[in-house]
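Every number here is computed from the coordinates shown, using simple stated rules; none is lab data. In this text the structure is predicted, and so the values were computed from the model without any measurement. Here the Cβ positions follow ideal geometry from the backbone for every residue, glycine too, while neighbour counts run over all protein chains shown.
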Amino acid sequence: MFVKSYRSMSKAAATRQIILLKAFDLIYRNGFQATSIDTIIATTQVTKGAFFYHFRNKEEMGVALINEVIKPTMEENFVRRLSNSNHPADDIYALMKYLLQASPDFQVQYGCPVVNLVNEVAPGSDSLHKALYSVLSQCLQAVRNSVQHGQALGQIRKDVNAGEVAEVIMMGYSGIRNMGKLLGAVCYQTYLKELKRYLQQLV
């Protein structure tokens, strides 16, 4: 997980970071709705006053968790891996394979933290939806940019709709991460095989 060094932080900033990282761990394993503020406080061993000094409520903490922990992690694991893509079909496949099989931040039995939160967040939680949309948008844009760059290099067909490809990739990833929680990592093999077939058709 993308973490700043505590040594470079003030005491208040370090406490905030500890709360968010512990909250991420709890929410990733148990779910957003099932993780209470009291549980987070007990796990971090900070005072209730310290928690509410940084966050007015659970939703505000959730937004900070997305913006300060999950989003930087997705930028590191997803966006930057496609930022200098000169072989988009190969690079997109390699990215999906890395996320599913090699990334140390995500575990098969718990799925993807972003996808989990999308599934859990109530329709009325506008601030959480906005934060999640921002994360998803940057991932979609990274795939779209990669495909468009491939078109400029003559590696992807000109008639391919880069936006549609990005949506297919992200929907497939989201679905297989959910399936993996039930069926295990074995189902990733079928997905990766069909993903490679799909990407080859874009060339």
Check your understanding: Which ³J(HN,Hα) values, rounded to whole Hz and listed in residue order, are derived for segment 112-128 from phi using the Karplus coefficients 6.51, -1.76 and 1.60 in 6.51 cos²θ - 1.76 cosθ + 1.60 with θ = phi - 60°, glycine and proline given as x?
Key -> 9, x, 5, 4, 4, 5, 4, 5, 8, 5, 5, x, x, 8, 4, 5, 5
Revision key, fill the gap. Note, segment 34-44: 3J(HN,Hα) by Karplus (6.51, -1.76, 1.60, θ = phi - 60°), whole Hz, Gly/Pro = x, goes 7, 9, 8, 4, 4, 5, 4, 4, 5, 6, 7
Check your understanding: Sorted by mean Cβ packing within 10 Å, highest first, what order do the peptides 70-81, 187-198 take?
Key -> 70-81, 187-198
Check your understanding: Can you count the Lys pairs in segment 58-200 with C-alpha separation below 26 Å, eight or more apart or on different chains?
Key -> 15
Check your understanding: In percent, how large is the relative contact order of the chain, given Cα pairs closer than 8 Å and 6 or more residues apart?
Key -> 24 percent
Point to revise | Descending semi-axes in whole angstrom, ellipsoid equivalent of segment 80-140, from the Cα gyration tensor | key: 26, 16, 7
**Study point:** Cα-based helix-to-principal-axis angle, 186-200 vs the chain, degrees rounded to 10
**Key:** 50 degrees
Practice item. Sum -39500 (n - 2.57) across every DSSP H segment of at least 4 residues in the chain, then divide by the residue count to get the 222 nm mean residue ellipticity, nearest 500. Key: -21000 deg cm²/dmol
